[in-house]
Amino acid sequence: MQAKTAQADKKALAEKKAAAEKKALADKKALADKKAAADKKALADKKAAADKKAAADKKALAEKKAAAEKKALAEKKAQARKKVNSRAQIDSQQKRDSRTELLTVSVSLNTGKIVSIASIGILASAILVSAMVFIAG
């Protein structure tokens, strides 16, 4: 009987050992699957970030190109206006030069100088009046 019990114990121990190995193998496989999934997700995230960066770079390049085209168009319009204005100025100068005039008088008024002289005068009069009041008082 003891032999049968010992044999049964050995068999039970072997089954426990096999179950433990099976569980360890399953745990190892689950861990490997989890790691593979994490690696796959990290790779997908990295690819998505690269795609997003490429799209942003493409958009920035398109905006830069559009701005350059807009600036070139504005410069072209400005040059066209300048040509028209310069022709008009040349024509008016030629007309002016062709007329015979005895005397040309040009008057310009520099308001900045006038205001500064007036303010200096007001300040000087205020100082003089205050000095008179101080002396008289």
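In region 79-121, how many residues are part of a helix (DSSP H, G or I) and modelled with pLDDT under 80?
Let us first name the residues in region 79-121 that are part of a helix (DSSP H, G or I), namely 79-98, 111-121.
Those still in the list that are modelled with pLDDT under 80 too: 80-98.
Residues flagged as part of a helix (DSSP H, G or I) and modelled with pLDDT under 80 within region 79-121 amount to 19.
Can you name every residue in region 1-51 that is assigned to a helix (DSSP H, G or I) and loosely packed, with under 10 Cβ neighbours inside 10 Å?
2, 3, 4, 5
The values are calculated or read from the model by the stated rules, or taken from the named source; none is laboratory data. This one's a predicted model, so the numbers in the text were calculated from it and none came from an experiment. Neighbour counts run over all protein chains shown; Cβ positions are idealised from the backbone, glycine included.
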